[in-house]
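Structure first, then comments.
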Amino acid sequence: MKQTILTGDRPTGPLHLGHYVGSLKNRVALQHEYDTYVLIADVQALTDNAEHPDKVRRNILEVAYDYLAVGIDPTVATIVVQSMLPELAELTMYFLNLVSVSRLQRNPTIKDEIRYRGFDDAVPAGFLVYPVSQTADIAGFMADCVPVGDEQLPMIEQAIEIVHRFNRLYAPVLVEPKALLSNMSRLVGTDGHHKMSKSLNNAIFLSDSADVVVQKVRAMYTDPDHIRADQPGKVEGNPVFIYLDAFCQDQPAVDDLKRRYQAGGLGDVVVKKYLVDVLETFLQPIRERRAQFAADPAEVMRLLHDGTERGRMRVADTLNRVRHAMQLDYVFRNAV
Ligand code: TRP
């Protein structure tokens with residue numbers, strides 16, 4: 001029997017190179033080996049976008065196009081829309097009793113995200129508890145493995161705690177998940193300082209046009225002390241070289257560029273031009289496939305609909321077992 005993978009993304013915007021390096025690449029590679037479910041987490045997206053349901057709705061298809069364009073194969077993997085599985089909300093409700101508010105407040109990823117979203121004292125309760133909802137996603141699909149970036153590790157830790165607690169209290173029906181980290185789990189943004197993220201305006205999207213990629217690379221941060229081409233430049237922490245390492249198929253060529261950059265005599269303009277070519281080689285086929293799928297939204301919706309139905313059967317089966325373990329099945333019959 002194949003093991004099961006669950007992963008997902010919030011549909012709040014198109015996916016970028018950081019998503020690719022941190023997770024998409026891994027998913028595409030693993031989809032034949034594992035029974036793979038990919039969740040478009042629109043309910044989770046609403047935890048910090050309650051005022052923008054239109055944005056969330058619009059981006060469901062955008063994310064689906066990105067998935068298909070990078071090679072998630074809908075005949076092998078199952079793409080599921082979270083909001084169409086009310087069983088996940090039900091499971092979240094039961095799991096909320098198995099975690100304390102202070103434990104949720106200690107989750108380092110949540111702490112970071114609260115700070116950076118500027119919620120101050122007005123953290124939506126749904127946002128604070130989204131790790132519990134994510135636990136329901138993972139446990140609902142009976143996932144053995146969750147391929148994630150390292151900032152998601154605290155989520156998996158919480159999921160394991162909740163699953164343990166459930167199995168100990170009621171009955172051992174839930175599967176303990178484990179994280180599958182990719183070898184490069186976070187990609188720095190074009191600013192060279194923060195993780196690539198749409199909200200920080202430092203992202204190159206999988207759907208960016210060739211012209212936009214040129215502009216973004218031209219504006220990229222490099223080594224601020226590398227003012228003239230003949231000066232030696234720094235390669236460590238320089239996002240241009242980080243992207244070359246991540247996307248160039250010709251590592252000896254990258255090593256050669258690094259050597260020449262460090263020795264002095266290689267200008268930023270030349271290296272950036274090389275990077276543009278490398279990114280174009282990577283993005284151009286993705287862009288082409290994306291356009292093909294985007295030309296037929298009805299067909300992509302049909303794929304999502306089919307995937308969601310298959311996913312729902314799996315989660316409904318988990319919920320039957322959960323309700324039985326919690327003595328919530330046949331309540332009326334048992335009461336008399
Ligand atoms: N929290 C994840 C993110 O922001 C998205 C997500 C939702 C997810 N449910 C999941 C990831 C289940 C893995 C498993 O990227």
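How many residues does the stretch 203-225 contain that are in a loop (DSSP other than H, G, I, E, B) and under 15 Å from LEU275 (Cβ atoms)?
7
Considering only residues that are part of a loop (DSSP other than H, G, I, E, B) and under 12 Å from ASP48 (Cα atoms), which ones fall in the stretch 105-155?
GLY118, PHE119, ALA122, VAL123, PRO124, VAL129 - these are the residues of the stretch 105-155 that are part of a loop (DSSP other than H, G, I, E, B) and under 12 Å from ASP48 (Cα atoms).
Return the residues of the stretch 28-52 that are free of Cβ contacts under 8 Å to residues at least 40 places away in the same chain and under 30 Å from PHE119 (Cα atoms); say none if nothing qualifies.
Listed by number, the residues that qualify are ALA45, ASN49, GLU51, HIS52.
Read through the list (1) crowded, with 24+ Cβ neighbours inside 10 Å; (2) in contact with an Asp or Glu (Cβ under 7 Å, 6 or more places away or on another chain), then give the number of the only condition that GLN31 fails.
(1)
Would you list the helices (runs of 4 or more DSSP H) that sit entirely within the stretch 1-87 and hold 1 or more residues that are more than 15 Å from the ligand (Cβ to nearest atom), under 16 Å from the mean Cα position of the chain (by Cα) and not small (Gly, Ala, Ser)?
Here the list reads 25-30, 53-70.
Only one of (1) within 13 Å of the ligand (Cβ to nearest atom); (2) over 25 Å from THR78 (Cα atoms) fails for ALA171. Which number is that?
It is condition (1) that ALA171 fails.
How many residues are more than 10 Å from the ligand (Cβ to nearest atom) and under 22 Å from ASN26 (Cα atoms) if we restrict to the stretch 146-159?
The number of residues fulfilling the criteria is 4.
Residue by residue through the stretch 167-202, note down the ones that are in contact (Cβ under 8 Å) with a residue 12 or more places away in the chain and part of a helix (DSSP H, G or I).
Within the stretch 167-202, LEU169, LYS198 qualify.
For a quick check of your reading of the model, give me the residue pairs whose first member lies in the stretch 214-236 and is farther than 20 Å from HIS194 by Cα, whose second is assigned to a loop (DSSP other than H, G, I, E, B) and polar (S, T, N, Q), with beta-carbon atoms closer than 8 Å and at least 6 apart or on different chains.
That search, which allows pairs on different chains as well, returns GLY233/THR222.
Would you please list the contacts, defined by Cβ atoms under 6 Å and residues six or more apart or on different chains, that run from a residue in the stretch 140-164 that is over 14 Å from THR92 (Cβ atoms) to a residue that is within 11 Å of the ligand (Cβ to nearest atom) and assigned to a loop (DSSP other than H, G, I, E, B)?
Listed pairs, sorted by first residue: ALA143/PRO177; VAL146/PRO177.
So which helices (runs of 4 or more DSSP H) are wholly in the stretch 229-336 and hold at least 3 residues that are surrounded by fewer than 13 Cβ atoms within 10 Å (Cβ to Cβ)?
Answer list for the stretch 229-336: 251-263, 268-294, 297-325, 331-335.
State all residues of the stretch 124-145 that are under 12 Å from PRO177 (Cβ atoms) and within 8 Å of the ligand (Cβ to nearest atom); if no residue qualifies, say none.
Once the filter is applied, which keeps residues that are under 12 Å from PRO177 (Cβ atoms) and within 8 Å of the ligand (Cβ to nearest atom), the stretch 124-145 yields GLN134, ASP137, ILE138, ALA143.
Going residue by residue through the stretch 195-216, is there one that turns out to be more than 30 Å from GLN105 (Cα to Cα) and acidic (Asp, Glu)?
yes
Any read-out appearing in this document is the output of simple, stated calculations on the displayed coordinates, not a laboratory observation. For clarity, every value in this text was computed on a predicted model and none was experimentally measured. We place every Cβ from the backbone using ideal geometry, glycine too, and count neighbours over all the protein chains shown.
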